[in-house]
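To start, the structure itself, in structure tokens.
The values are calculated or read from the model by the stated rules, or taken from the named source; none is laboratory data. For clarity, every value in this text was computed on a predicted model and none was experimentally measured. Note: ideal-geometry Cβ built from the backbone for every residue, glycine included; neighbour counts use all protein chains shown. Heavy atoms of the whole protein, side chains included, go into the accessibility calculation; ligands, DNA and RNA do not. Shrake-Rupley method; radii C 1.70, N 1.55, O 1.52, S 1.80 Å.
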Amino acid sequence: PAEKPVGGGGRLNEDEEAEVREILTALDRDVKTRRLELPTHFREFDRHNRGVLTADNFNRSLDRVGLALEAPQLALIAKAFGVPATDRVDVNYRWFYLALDNIDGVLGNLPEMDAAPSVATALLEGKETVDRTKVTGVVRRGGAGGADKLEDVLDFVQRECLRKRVRLTNFLSDGDALRIGRLSRAKFRSALAASGIVLTNAQLNALEEGFKHDADPSTVAWRNLATLIDGGDEWMERDPHATRTFYKPSEFTEKDTGVDIDRLSSILSEVKADVSQHRTLMKPTFQGFDRLRKDYVTKAQFASVCATLKLPISGRDMPVVQAAFQVRGSPDLVNYHNFIRRVDESEL
């Protein structure tokens with residue numbers, strides 16, 4: 001008997017879905033370990049920003065970062081994330097990229113093969129082709145009349161960018177060919193969809209209203225948003241006296257994390273003595289993993305730096321230190337700036 005199709009849209013049978021899950025898990029591990037920005041490579045082959053590529057171009061994009069798939073694997077990915085074209089089946093790379101972060105949320109909500117609208121179109125038209133709550137873990141925090149508060153949306157976008165290793169500027173600037181600093185609302189939403197940051201209509205409306213361009217309120221001042229989320233001084237030469245603010249997510253204090261404060265104090269005291277004795281400079285080594293100078297690294301990177309510097313933190317104590325300096329809403333990230341401040345404030 002034929003195997004029963006499972007998953008969203010009945011695209012895959014049980015064996016195929018299991019293999020697709022295995023492929024996605026392996027790719028996600030490589031992408032996160034190497035901090036790759038896959039959408040940037042996909043979009044180089046997607047000049048019209050449709051969100052789909054031929055299977056060959058899709059694999060060529062992966063090949064550029066050393067992740068090319070074998071023919072049987074590529075065929076399965078095309079079957080799972082395929083979009084029918086005139087004489088072939090293209091791959092919706094936006095679905096694929098979302099699936100790396102949430103396999104269940106995407107595979108369980110794929111449309112039937114003959115439906116297959118792009119993720120960008122689904123967002124713009126308000127369709128629930130992909131269950132956004134499952135895909136992104138969105139917490140719908142409504143204000144008056146159900147509208148989301150701007151500060152809540154900014155906090156969510158910041159955390160998603162940190163979690164996904166996304167630099168929002170790269171996506172928003174692509175829609176602004178003349179570099180005038182503003183985008184139509186449609187282009188703004190398409191750019192966010194391409195980045196993999198999936199928002200509700202209420203959240204998108206909050207951003208569009210909060211960042212209306214002064215000269216043309218029907219457009220979005222994307223540079224103001226990008227500067228808040230990404231930080232940086234790319235445009236400071238145009239206005240050297242301007243004040244730029246980087247919207248940082250709040251982090252836990254050590255007491256908020258639930259760690260054993262006495263044990264943590266003992267660990268940090270030993271580290272502080274060792275750093276003082278050997279005159280260890282920690283910040284440059286941490287910044288080797290922090291190209292954007294966000295003051296955060298992953299847990300694995302934090303442990304790697306501590307091992308490289310030979311800090312006296314045992315394998316049993318490492319989770320305590322990582323938990324104490326975690327970022328609120330992003331428990332896999334560690335605020336190394338706060339850690340350094342506790343053990344050698346003079347270095348800062």
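I'd like to check one number: the per residue accessible area of the stretch 296-337, probe 1.4 Å, reported in Å² as a whole number.
Details: 1680 Å² over 42 residues.
Normalised by residue count, the accessible surface of the stretch 296-337 is 40 Å².
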Which values, in whole Å and largest first, are the semi-axes of the equivalent ellipsoid of the stretch 270-348 obtained as the square root of 5 times each eigenvalue of the Cα gyration tensor? 18, 15, 11
Flagged as over-length at 22 Å C-alpha distance, from 283/310; 187/212; 32/212; 164/310; 149/299, the pairs are 32/212; 164/310; 149/299
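Applying 1/(1 + (r/R0)^6) with R0 = 45 Å to the Cβ-Cβ distance of residue 85 and residue 266, what FRET efficiency is obtained, to the nearest 0.05?
Values: r = 63 Å, r/R0 = 1.39.
Result of the calculation: an efficiency of 0.10.
First select every other residue whose beta carbon is under 11 angstrom from the beta carbon of residue 182; then total the charges, Lys and Arg +1, Asp and Glu -1. Kindly include the intermediate steps, with their values, before the conclusion.
Values: positive: 179, 185, 187, 212, 223; negative: 176, 214, 216.
Combined, the nearby Lys, Arg, Asp and Glu give +2.
With an 8 Å cut-off on Cα pairs and a minimum separation of 6 or more residues, tell me the relative contact order of the stretch 39-88 in percent. Don't skip to the answer; put the middle values down first.
Numbers: 24 pairs, mean separation 13.1, N = 50.
Relative contact order here is 26 percent.
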Just how much of residue 261 is accessible, in Å², when a 1.4 Å probe is used and the result is rounded to the nearest 10? 60
